[in-house]
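Reviewing the structure listed below.
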Amino acid sequence: MNAVTDFLRQVVEGLGSGAVYASLALALVLIHRFTGIVNLAQGELAMLSTYVAWQLVASGMPFWLALPVTLVVSFAGGMLVERIVIRPVQGAPELTVVIVTVGLFIFVNAMAGLIWSFTVKDFPQPFPDGGIEMAGVRVDWSTLGIIGVVAVVMGLLYLLFQHTSVGLVMRAVACNPSSARLSGIRVGRVLMLGWGLAATVGALSGVLVAPVLFLEPNMMGGVLIYAFAAATLGGFDSPVGAVVGGLFVGVAETLTGAYVDVIGADLKVGVPLVIILAVLLVRPQGLFGRAAVERA
Amino acid sequence: MRKTTALRAAAAATAALLTATACSSQRGQNDQSTAAGGACKGQQTTGITDKTIKLGGVYPLSGPASAYGTISKGVAAYFKYVNAQGGIDGRKVEFVVRDDGYQPPKAVEETRRLVEQEKVFAVFQTLGTPSTAAVWDYLGRQKVPQPFVATGASVWGTDDRHPWTIGWQPNYVAEARVYAKYLKDERPKAKVAVLYQNDDFGKDLLGGFKKAVAGSGVKVVAEESYEVTDPSVSAQMASLSRSKADVLLDVTTPKFGSQALAADAKDTEWNPLHILNNVASSAAVLQPVGFKNVQGVVSATYFKDPADPQWADDPEVKTYRDALHRYAPDADPANQFNAYGWAVASSLHKALDAMKCPTREGLRDAVRNLKDVKVGMLLPGVTMSTGPGDAFPLETMQLMRFKGERWQLFGKPVDTREEFGPLTK
Amino acid sequence: MSTITAALGSDRARRLRAALTGLLAAAAAVGAPFYFAPFQVFQLTMVLLYAVALAGLNLLVGFGGQISLGHGAFFAAGAYTAAVMLDRYDTGHLATLPVAAAGCFVLGLGFGVPALRLRGLYLALVTLSFAVFLPPLLKRLQSVTGGSMGLTVDKLEPPAWSGLAEDQWMYFAVLAVTAVVLLLARNLLRSRVGRALLAVRDNESAAEVMGVRLSLHKTLAFAWSAMFAGVAGCLYTWVIGFVSPDSFSFVLSITLLAGLVVGGLASLYGPLLGAAFVMYVPSVSQDVSEAAPGVVFGLLIIAVMFAAPTGLAGLPGRVRGALARRATRAATLDRTPGAPSAPGANPKSLAEPGPAAVLTPAEPAAVDADPVGAPPRTEKE
């Protein structure tokens, strides 16, 4: 295998991890656009949804039926979480809401361990085994599948944000809930919708990555940090940015881990973070984010 | 301004009050231990009477390492079973489990709670190298035995300043030696790629392996590490596959073990002999990958796998399954960690039986003077031995190969002491 | 306005009461190690030590309006500075404190510079990345840090003349440092620096117009904050006597932030309450449910935030505020129906002459234009 194929192979590997990060980053961006907060429990909710799907499949339901059922359950679950857990602190300082999501994180993680134990579960692979050869590099169907689904979700979110009235309404809510309420927007419903949609996108993310990462309660913990990095790099409110950021982070860490011996696999996590810092110092709003307009 | 001061003071008082309530009213500190009689005079008898013995354990029941928390269920089930049989030498065992979330400061707090508040006889098992290292100084100074810690770091046996602490499972270096011997015998020219967890466990095993193959034809040609917080090891596996090594030494914990096995199975261009370390060798790790994908994987073990049909009629395994069913109904008997807990608890039972004095000193000396002690849950041919200059109870393991739907033992148990000599610092 | 008059009238009585409570608190703090068992003294020591870290974080988050998800890393830096000095150079415990403090101050200055450009989530990520990156870095620098096995060092030993037990001595040492640090924090906030910080947090542009040197104060806030965390880390090494890279995972950073918010942001004694929460609640959770302590702990965090959205320190104020509001409710019927009734939630409630709302430090004064933790606004150009 020559150097070029080898390099391409590492890039493909990086894109594979990057797609995983991007999928969760999309959910983070979505909830941020809707509610203006960062949900630290997003990964854990995704993990919980994945267990729902696993339970359905394990009890005999075919995967392609279990998936839509899981998505619907997750949507309802996300709305319920907003109503029960987030609504009571609505209007409290933002950090209070963030810490509530920390509590939710710990609770969901422990709950999943209690119900399903910490033993690794196998999750059915929705995409066929094997892959295709391109320029001597094999790309797995599962990698292509994840990237494809992520791209579709990204497109849908872009349409939702830019070309629907819901998009307009939720921007109003995220920017200034009280003004939005005064303009007749039902803020509560919009927020519930945001949590529901984010949970659905998260569920999709969990179902996509579970065959690769293997399902256990801590599955999404590591992904969350990278997804957070991806979303920040892209600018926390852009779905395109989240995906580009995710893929970039994945490729950057894989390449440095593989080729820069001084850094090596143990410190490779630092590389995308340094790049992000550099990018943010030039563009504090992220690559695809919009600059803050201050009203003094 | 004054008002803030007043508020601050009031709050400080509230905080003090809260704290006082938080600490339970148990503030007793009756340190004097009832002296034992006869030859055992002057020794510590805290936590042990003629009718009872109180033990405490610290495990990660929450946090990132909670998968290991279930070991405590296996241990607790054993003690309940023994209590139903009349106890250990007539003493009923009380086993107190505390959670440290795999955080050393928490381990210190919980260990101190066990020693100073619960007044346990011994801290039977702290789990994980960081947690154990955080408390062994303390326990040593308090002269509380810390037998059979649940970590395989070699330092528990090579260290000579902590007589109260001792390991149990074959240490990681011993395990590495088993694989090294296997490769030297079977594939003397092997090029080895290593995937390892970047902590004491991974480094101990890798270091031990390198030392054991030094001077032979077996060479380590590539090594990649991962952090426990990484989501996946697929990038590391891609890097390793570039080395085109003949052997992959897979030093991972369960989830990452599954990921590495799956990545190896997927990679059609690189088919090394996959050596999977004992920590990740549970059937629960291999089953999600698909049994057809893990044929021929090699590992080593020292206790009976409860999922292995080979031991279905083994009396000890039967007792274990029944007891777990009765005393820990929510624990899965097929989970190796539960069996580990059972095995280590029954090993402690043997050590307690061997005490010359029913005292802390008695236990400290007993665990360091074991002579070929047989334990039902251990593989035939694997026994506990310690003595002056040897603080490793178990140093024998047997190789196994995955075939069909289960592990098959092969070869003879390898006593690494005989093969490589005693392990020193 | 009548409430204010009343408050002034009882000023003397109040001052007396304050002095008494202060004396009582001091007596309790000094007496505690003689009353409680050593194990409980150790727990109290840990509470104090976490309170130092939280007080530092409070300077940044509560008073500076910036978020850090990486204070665990500064904590780790302080802890390792002390451990390495003790292990390799055998410097004695006292020498480690100024070095850890100064080192973390400089480190904080370094982070304060990018913090100038970044706000909210973006700053949070930069600090988080430091926290994520530090443990593998510590493992890499094995020759100095002892690698993944960590370092075991001597704990603080009581000198013979003191006649104190080890736990008592450590408690007093940590208590002394904590008292100094908390006083320092208080004085810092009452000085020009503190007023400038508050002004910047509440309205950056306005503050700048008024002549506050933004960059200087924001960078300094970060540096002070990191220094406090470093001091706490140093105390940690004194008390625990063991450091390892995995002791300082990013979970520690999250725990610190959670502790601060639960205790009460922008409150001078919130850190103490938060530290007590972080220290005691996990053990209480275990007592409730051995099978899954996390379930209980998670629920308790959520429950506290429900009951006290501004943190435990704000709870008494909220209760009094709610009582006072009930009295005035009849008069002010023009509230938006359905609007949240939490005092911290509605910026207007701060302007009300409620007895608790005027000066209570726990009431977040900054919930106006740009709340703490808000990311950059996204508006379509």
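Miscellaneous remarks
- Only the Cβ atoms of Lys and Arg (+1) and of Asp and Glu (-1) were treated as charged; on that basis the dipole of the protein assembly as shown about its Cα centre amounts to roughly 2860 debye.
- Pairs from B:Lys73/B:Lys304; B:Lys143/C:Lys139; B:Lys211/B:Lys292 whose Cα-Cα separation, in the structure shown, is over 29 Å: B:Lys143/C:Lys139; B:Lys211/B:Lys292
- Pairwise Cα separations in the protein assembly as shown fall into 20 Å bins from 0 onward with the following percentages, short to long: 12, 43, 35, 9, 0.
- Put simply, the C-alpha atoms of the stretch B:179-225 give a gyration tensor, and the ellipsoid matching it has half-axes of 19, 11, 8 Å, longest first.
- When both bridge partners sit in the protein assembly as shown, DSSP labels roughly 40% of those beta bridges antiparallel.
- Rounded to whole Å, sorted largest first: equivalent-ellipsoid semi-axes of the stretch A:154-296, Cα gyration tensor: 32, 20, 12
- Cβ neighbours within 10 Å from other chains - mean over A:218-231: 4
- Taking chain A as a Gaussian network of alpha-carbon nodes connected by springs under 10 Å, the highest mean-square fluctuation of the residues A:Val201, A:Val139, A:Val260 belongs to A:Val260.
- Cα convex hull volume per residue for the stretch A:3-219 (Å³): 135
- Rg/Rg_globular for the stretch B:279-411, with Rg_globular taken as 2.2 N^0.38 Å and Rg from C-alpha atoms: 1.17
- P(r) weight above 17 Å for the stretch C:156-279, C-alpha pairs, percent: 68
- Extents of the stretch B:275-351, taken as max minus min of Cα coordinates on every principal axis and listed largest first, are 37, 26, 21 Å.
- Using only Cα coordinates, the Kirkwood hydrodynamic radius of the stretch B:172-301 works out to 14.3 Å.
- Peptide C:235-247 - average C-beta neighbours from other chains (10 Å radius): 5
- Principal semi-axes in Å for the stretch A:101-156 [√(5λ), Cα gyration tensor, largest first]: 33, 17, 9
- Under 16 Å from the Cα of C:Lys155 - aspartates and glutamates, other chains or at least 8 residues apart: B:Glu109, B:Asp137, C:Asp87, C:Asp90, C:Glu166, C:Asp167
- The rule of thumb for compact globular proteins, 2.2 N^0.38 Å, goes into the C-alpha radius of gyration of the stretch A:77-185 1.57 times.
- Selection from A:Val120, A:Val81, A:Ile147, by position along the positive dipole direction of the stretch A:70-173 (Cβ): A:Val81
- For a straight C-alpha distance cut-off of 12 angstrom, the aspartates and glutamates reachable from B:Lys219 (same-chain residues fewer than eight places away being disregarded) are B:Asp246.
- Counting only aspartates and glutamates at least 8 places from B:Lys203 when in the same chain, those with an alpha carbon closer than 20 Å to its own are A:Asp261, A:Asp266, B:Asp159, B:Glu175, B:Glu223, B:Glu224, B:Glu227, B:Asp230, B:Asp250, B:Glu395, C:Asp246.
- Dipole axis of chain A (+1 Lys, Arg; -1 Asp, Glu on Cβ), positive-most option in A:Ser165, A:Ala3, A:Ala199: A:Ser165
- 23 Å tail of the calculated P(r), the stretch A:149-236, as % of Cα pairs: 36
- Peptide ranges A:269-281, C:262-274, B:235-247 listed from the most packed, as the mean C-beta count within 10 angstrom indicates: C:262-274, B:235-247, A:269-281
- Dipole magnitude of chain A, debye to nearest 20 (Cβ charges: Lys/Arg +1, Asp/Glu -1, about Cα centre): 1180
- Dimensionless Rg/Rh of the stretch B:324-376 - Kirkwood Rh, Rg from C-alpha atoms: 1.11
- Contact order relative to length of chain A, as percent, for alpha carbon pairs under 8 angstrom and 6 or more apart: 35
- Under Stokes-Einstein, with the Kirkwood radius over Cα pairs as Rh, the value for the stretch C:1-123 at 10 °C and 1.306 mPa s is 87 µm²/s.
- Normalised by the number of residues in the stretch C:40-307, the average gap of Cα pairs under 8 Å and 6 or more apart makes the relative contact order 39 percent.
- Among the listed pairs B:Lys80/B:Lys318; B:Lys41/B:Lys119; B:Lys51/B:Lys80; A:Lys121/B:Lys181, those beyond 26 Å (Cα-Cα): A:Lys121/B:Lys181
- Translational diffusion of the stretch C:40-307, estimated by Stokes-Einstein from the Kirkwood radius over alpha carbon pairs at 4 °C in a medium of 1.567 mPa s, is 69 µm² per second.
- Of every Cα-Cα pair in chain B, the percent that sits beyond 43 Å: 17
Since every read-out is calculated from the coordinates, none of them should be taken as a lab result. What you see is a predicted model; the values in this text were computed from it and never measured. Counting neighbours? That spans all protein chains shown, and the Cβs are built from the backbone with ideal geometry, glycine included.
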